[in-house]
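Engineer: Below is a structure I'd like to ask you about.
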Amino acid sequence: MPRTLTFQLFKKRETREFKLEPTKIDRPRLYGRSERLPVDNYGNALQSAAVDERGTTVIRSTGSGYLDAAGRWLSSADLRPVDSEGRPLPEVPSSFQEPIVLEERASLDDYYEHEISSVYVLHGDIAAELLHIVAAQEELFTFPFSYRGGHSPERGFLIAGRDRLFLVSGRRVQLEYLERVDSGRIDEFDEPDEPELDFSFSAQRSGRGRHEGDS
Amino acid sequence: MRSMNLSDKQRRDALVGLERAPAEAEAPAFVDASGNQAQSARFVKTTASTAYERIVAEAGGPEHVAAILVDGDPEIDFEDTGRIVRSSRRIFLRPNGDIAYQVRWQEVEYDATGNEQRRREWQPLEANVSAELPVLWTGRYIEKRKAVGMFVSSRVYQLSHVNGLTYEFLHGMAADLQRRNAFMLLGGGPRGDEPLVLSRGGLPYRAFLEGRVRGRAYRLALHLSNLELKDVP
């Protein structure tokens, strides 16, 4: 059974609900994909592995987790998420669990201050009706969006495509207005010193670098 | 900050600064029940000595693996499993488990249905943003209202000036784009029709320049996109 998102729109003292099924849109589904495979000189497929810092152990797979100050493992249940100020972050439910209320709006300029990480096309019998409503708006409906639930929801937007309704989600970035005094500096990477030219040709005389015509 | 060789509508070009716009909110950190910061760590799960291929070889065939698993724990490396890994280097192994010292890369292309289309030697794309050929102002404006239904911005970079001349150069672009309330399509290559590749081996993106001004201050954002807004076929 496909999962559905429920959108609630208050209009003229009545609440309309739109239950729609999201389908993820990404490059592999639209354009195909390519992958890089390591092979040896005979075309045999190679497997990726790692060697540890001692250079003695070939590691096939690793896991990750968290340690406390004493170096003991912490289970997921022991972890508490906090923001940069150390304040606890509340847990938010998945957007599939509660209706998404369409009341907050964002301007186009506001939308363009976000990097979009996920795109979904919304299907359903009444998708066309909500598409028509969204397309008629000057601004975009926006809302907190979290596919699986968690501690830091992204910002979701409803976008009217040519004949499809899309939900996109992402995070806001910081952009600054720059005045003349805010001049930046391009990182310059020093070119390595060119090796000195060897006019003694000592390497060739010692036989290490024989060339045709050498006596 | 990295550089970008950019031309304007008059085909004047200049080297300007380019930097990824930072996220407004930092990623959450984790603390333990006492409020002390938890440290992330990576640990060993399996090693070459416990690889399935080696276990099968030692057992004499897959049909004998169950028996040796009952008799012992050949799948666990008691010396190394669970050990914290502070740093590691990637290597590649041949089918027989030996380390491969010469590695080539094949690129395999699949269509949207997952069918393999072709294989070839992988050639990394060369960067084309700070090369001798400037990134071109194509002259193709795209209204913001129209752009919102066309593509999404996967990456946002900010352009910045490095001296007085480039300040005037970029401020002029931003003012023009704000006046038109539009993006400008930028392109790489001699005809300006190639996507931008920021670093060698990196992914190609379509690039759209957005500009705003506030008095003598300006803001130029480079929106990189590799995804149109359209349904799967």
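Engineer: If you keep only loop residues by DSSP, which chymotrypsin sites (Phe, Trp or Tyr not before Pro) in region B:14-119 have at most 13 other Cβ atoms within 10 Å of their Cβ?
Structural biologist: Sparse-neighbourhood loop chymotrypsin sites (Phe, Trp or Tyr not before Pro): B:F78, B:Y101.
Engineer: Give me the Kirkwood hydrodynamic radius of region B:1-157, using the inverse of the mean 1/r over all pairs of distinct Cα atoms, in Å to one decimal.
Structural biologist: Every distinct Cα pair counted, the radius reaches 23.1 Å.
Engineer: Could you name the aspartates and glutamates in cross-link range of B:K45, using Cα to Cα under 13 Å and dropping any fewer than eight places away on the same chain?
Structural biologist: Those aspartates and glutamates meeting the cut-off are A:D52, B:E75, B:D77, B:E79, B:D80.
Engineer: Below 8 Å, C-alpha to C-alpha, sequence gap of six or more: please give me the relative contact order for chain A in percent.
Structural biologist: After rounding, I find 19 percent.
Engineer: Do any of A:K12/B:K146; A:K19/B:K230; B:K144/B:K230; A:K11/B:K230; A:K24/B:K144 go past 27 Å between their Cα atoms, and which?
Structural biologist: Those over the limit are A:K12/B:K146; A:K11/B:K230.
Engineer: Do you know the relative contact order of chain B, to the nearest whole percent, from alpha carbon pairs under 8 angstrom that are 6+ apart?
Structural biologist: So the answer I get is 21 percent.
Engineer: What is region A:32-140's relative contact order, in percent, from Cα pairs under 8 angstrom and six or more apart in sequence?
Structural biologist: For region A:32-140, the relative contact order is 12 percent.
Engineer: Based on the Cα gyration tensor of the protein assembly as shown, what are the three equivalent ellipsoid semi-axes, each the root of five times an eigenvalue, rounded to whole Å and given largest first?
Structural biologist: 44, 37, 24
Engineer: In Å and from the alpha-carbon atoms only, list the Rg and Dmax of region A:52-124.
Structural biologist: Here Rg and the maximum Cα pair distance are 20.8, 60 Å.
Engineer: May I pose another question? Any idea which of A:L30, A:L20, A:P93 is furthest toward the positive side of the dipole for chain A, if Lys and Arg beta-carbons carry +1 and Asp and Glu beta-carbons -1?
Structural biologist: Positive-most Cα among the choices belongs to A:L20.
Engineer: Springs between alpha-carbon pairs under 10 angstrom, Gaussian network model over chain A: which of A:Y112, A:Y147, A:Y31 fluctuates most?
Structural biologist: A:Y31
Engineer: With axes computed from alpha carbons, what is the tilt in degrees of helix B:164-180 against the longest principal axis of chain B, rounded to the nearest 10 within 0 to 90?
Structural biologist: Result, in degrees: 90.
Engineer: Which log10 I(q)/I(0) values does chain A give at q = 0.09, 0.13, 0.16 Å⁻¹ under the Debye formula, counting every alpha carbon as one identical point scatterer?
Structural biologist: The Debye formula, applied to the Cα set alone, gives -0.71, -1.05, -1.20.
Engineer: Using DSSP to define loop residues, name the GluC sites (Glu not before Pro) in region A:50-129 whose beta-carbon has at most 14 other beta-carbon atoms within 10 Å.
Structural biologist: Passing sites in region A:50-129 are A:E53, A:E85, A:E91, A:E103, A:E104.
Bear in mind that the values in this text are calculations on the coordinates, not laboratory data. These numbers were taken from a predicted model, which means no experiment stands behind them. So basically every Cβ, Gly included, is an ideal-geometry build from the backbone, and we count neighbours across all protein chains shown.
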